[in-house]
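Written below as structure tokens is the structure these notes are about.
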Amino acid sequence: MRQDKSEVIIIGAGPSGAVAAGLLRRAGREVTLLEKEIFPRFCIGESLLPQSMEYIEAAGMLRDVVEAGFQFKNGAGFACGKQYAEFDFREKFSPGWGTTYQVQRGTFDKVLADAAVRMGADIRYQQEVTRVDVSGERPVLFVQPKNGEAYTLVGDFLLDASGYGRVLPRLLDLETPSELPVRQAIFTHVEDRVAQNAEAEFDREKILISVHPEKRDVWYWLIPFSNGRSSLGVVGRREQFDAREDAEQLRAWVQEAPNLAKILKDARWDTPVQHIIGYSANVKSLCGRHFALLGNAGEFLDPVFSSGVTIAIKSADLAVKTWLRQAAGEAVDWERDYAQPLMTGVNAFRAFVNAWYDLRLQDIIFHPDKAPEIERMISAVLAGYAWDANNPFVARAARRLASLDAACALA
């Protein structure tokens, strides 16, 4: 069997894999990415957060993204019945980018992957990792191409950026149940035709999160793209959905949200409707002998605040910095230097997700008299700055949200 070698091996060429590759190539390191699919391919997680722009820029990919012509995004809107609130991410507590993009992931992921190739990364598409051995001095991957003979790939270090594929958690028995309830998402893309809809009140520069007017733990996303199309989805507990076809259910759910029904009354439903169940995931450990897990390959919370891509490429930045120190001869502790810093932001987002579903955060968001400084702190987290230790809603997220909810109730 043929054996290839590389300094760093990355499983998956999505955002975390591509950004990690860019960071490594800028440091002059050899990197090989193994991607099971062929790009472009459909994927959700299409509304970026401003914090992610810092890492895209650091990876040398900013110009590629800017010139791709994606939909500009400056914030988020929230609607429930006649209530509406919005956050402008340029008005936030934390310094840094306040704007970003809303992207069709098939295009966006290919832009980043092509940028990694331009920078010298070796991306191999349609390559399935069937077995991994991390017991020796170097990790060894057994790879089966879609067309071709199996081979092994040996590296100095291994990053799993396989997303929902969760290659290392499956192969190394790292998976553990998520603490979050099992939820389901039904989604599609539509030609929204908002420009022709005189009744529509829709800011294309913001993601719109709508809450079901009666079942407040059911929510919808509407993410506008730059070409007159939008991503549309509904999320709820598994038992809130029935046996009808996905397309029929999604249309019915939209009609139960008056603001969405109004915005989408002229929309053309021209794309198959899909669903995903039980998407929240967790692992026993984010790192181990010769490897680290990036993004969704480690832990995925919930899509409500579009944190997935930001967590993924933040993890890429942290992991690459840690490995570069290790490769330079420094003594590093992957749990202390990688996993714990990453979980600071993940846990802040987790507090926001939990407060969203128990309705405390919804009450805060729709409160008519939010204090400007507190609003800026919340805006910073929603913009992805969940690692800013100076923000009280990061360092003590659960406690601060509980206190703020109590204050809103008294008011």
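Every read-out reported here was derived from the displayed coordinates using simple, explicitly stated rules and does not represent laboratory data. From a predicted model like this one, the values you see are computed outputs, not experimental measurements.
List of remarks:
- Nearest 10 degrees, 0 to 90: helix 105-118 Cα axis against the chain principal axis: 30
- With the largest listed first and rounded to whole Å, the semi-axes of the equivalent ellipsoid of the stretch 359-410 from the Cα gyration tensor are 18, 12, 9.
- Theoretical gain in end-to-end length, residue 131 to residue 271 [0.36 nm per residue, Cα-Cα removed]: 46.8 nm
- Think of it as helices only: each DSSP H run of n ≥ 4 in the chain is worth -39500 (n - 2.57), and spread over all residues that comes to -9500 deg cm²/dmol at 222 nm.
- Vicinal HN-Hα couplings computed from phi for the stretch 236-249 (Karplus, 6.51 cos²θ - 1.76 cosθ + 1.60; Hz; Gly/Pro x): x, 5, 3, 6, 7, 9, 10, 8, 5, 4, 4, 4, 5, 5
- Cut-off under 5 Å, modelled amide H: who pairs with residue 101 long-range: 48, 73
- Segment residue 2-residue 347, length gained on full extension (0.36 nm per residue, minus Cα span): 119.9 nm
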